[in-house]
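Values in this text are rule-based calculations from the coordinates and carry no lab data. From a predicted model like this one, the values you see are computed outputs, not experimental measurements. As a convention, Cβ positions derive from the backbone with ideal geometry for all residues, glycine included, and neighbour counts pool all protein chains shown.
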Amino acid sequence: MSASIRLKRFGTKKRPFYRIVVIDNRAPRDGKTIEEVGYYHPIETEDKQISFDAEKVRSWIDKGATVSDTVRGILNKKNFALK
């Protein structure tokens, strides 16, 4: 099983809310997750938009999880250094 760190969509139409999750690559976007590591709320104010547990993200990357391009951009906004 190869894992991926990507977004899982919640919210209503035109009011999105995303969770940053670790999920099997073959699972659908809103399928069963392995672990939730944070959230991204694009409609909130700048300081409340992004929250994640850096230790969990680092742990999953060390285990070999790939990071989606969108999540990579979100993590870079918070100055989280990817290897």
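A few remarks follow.
- Residue-span extension gain [residue 10 to residue 30] - 0.36 nm each, minus C-alpha spacing: 6.4 nm
- Pairs exceeding a 24 Å alpha-carbon distance, out of 13/56; 48/77; 32/77: 13/56; 32/77.
- Distance between the 7 Å Cα→Cβ label points at residue 72 and residue 46: 2.5 nm.
- Only DSSP H runs of four or more residues enter the estimate; each adds -39500 (n - 2.57), and after division by the residues of the chain the mean residue ellipticity at 222 nm equals -6000 deg cm²/dmol.
- With 0.36 nm allotted per residue and the present C-alpha distance subtracted, the residue 82-residue 53 stretch has 9.0 nm of extension available.
- Candidate values (1) 17.9, 60; (2) 12.3, 37; (3) 12.2, 41, label of the one derived for Rg and Dmax of the Cα atoms in Å: (2)
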